[in-house]
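Readers should treat all values here as calculations from the given coordinates under stated rules, not as data from a laboratory. Since we're looking at a predicted model, the values are computed, not measured. Glycine also receives a Cβ, built like all others from the backbone with ideal geometry; neighbour counts cover every protein chain displayed.
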């Protein structure tokens, strides 16, 4: 199935499915939920492929709360920047969001074997980096031109589209399991949770949202939510 990208939502899945062909060249590692795969200043000489589970890449600064740069799920690679540029992870770290199974590929294996014998896998790797670069450009633009309330509205719409929820023309009610909390949205946006909480409360008062939890996001007026996202500020 073709992968559909929503650059404004920093969540990636199934970008490098062909790497399943070379699992025998990597080392299998299993991590329980909440494990740190690598932390700031740790040297990295390879990259990881996700067979099962999901990983969040976090940014640590002295200027505010920990920010989730992006989330990668099964069929994706992470750690490629530190692997090929060299050095440590600087201010970034990787943590499992669920029990995860990963395969670790050494840099020398990638350069000497995979790049030579499996060139299509390197094209997928380049595509992954391109998607992430495009995502950061979109998010930076959005942060510069939109207020916080509009940004929260956009994140909710992007989440609906990312989950590929089928919506008929004019349909108002949309209900599904987002698999993300309001705190997750706040960390993806790089803001305090109260910012998202206030925006969601305002949407409830406007009759646009009835419930937003990890297990259920119930939107009661999706066309109005779209209008809020598209209206000029």
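Estimated from helices alone, the mean residue ellipticity of the chain at 222 nm is -10500 deg cm²/dmol (sum of -39500 (n - 2.57) over DSSP H runs with n ≥ 4, per residue).
Highest mobility in the GNM of the chain, judged by mean-square fluctuation with C-alpha springs under 10 Å and restricted to 100, 54, 201, is found for 201. With a simple spin-label model that places each label point 7 Å from the Cα along the Cα-to-Cβ direction, the separation between residue 211 and residue 25 comes to 4.8 nm. Estimated from the Cβ-Cβ distance and a Förster radius of 25 angstrom, the FRET efficiency linking residue 115 and residue 13 is about 0.55. Taking 0.36 nm per residue of separation and subtracting the current Cα-Cα distance, fully stretching the chain between residue 140 and residue 177 would add 10.6 nm. Across all directions, the shadow cast by the convex hull of region 161-216 built on its C-alpha atoms averages 4.1 square nanometres. In region 11-141, inverting the average of 1/r over every pair of distinct C-alpha atoms gives 15.0 Å as the Kirkwood radius. The ellipsoid that matches the Cα gyration tensor of the chain has semi-axes, each √(5λ) in whole angstrom, of 34, 19, 16, with the longest given first. In terms of other Cβ atoms within 10 Å, 183, 142 run from fewest to most in the order 183, 142. Which of rounded, prolate, oblate describes region 133-233, given a ≥ b ≥ c as roots of the alpha-carbon gyration tensor eigenvalues and a/c under 1.5 marking rounded, otherwise prolate only if a/b is larger than b/c? It comes out rounded by the Cα gyration axes. Springs between Cα atoms under 10 Å define the GNM used for the chain, and in it the highest mean-square fluctuation of 192, 60, 24 occurs at 24.
Between the helical axis of 148-162 and the longest alpha-carbon principal axis of the chain there is an angle of about 60 degrees. Fewest-first ordering of 162, 176 by other beta carbons within 10 Å of each residue's beta carbon gives 176, 162.
Can you say what percent of the DSSP beta bridges in the chain, counting only those with both residues inside, are antiparallel? Round to 5. Beta bridges within the chain, antiparallel portion: roughly 95 percent.
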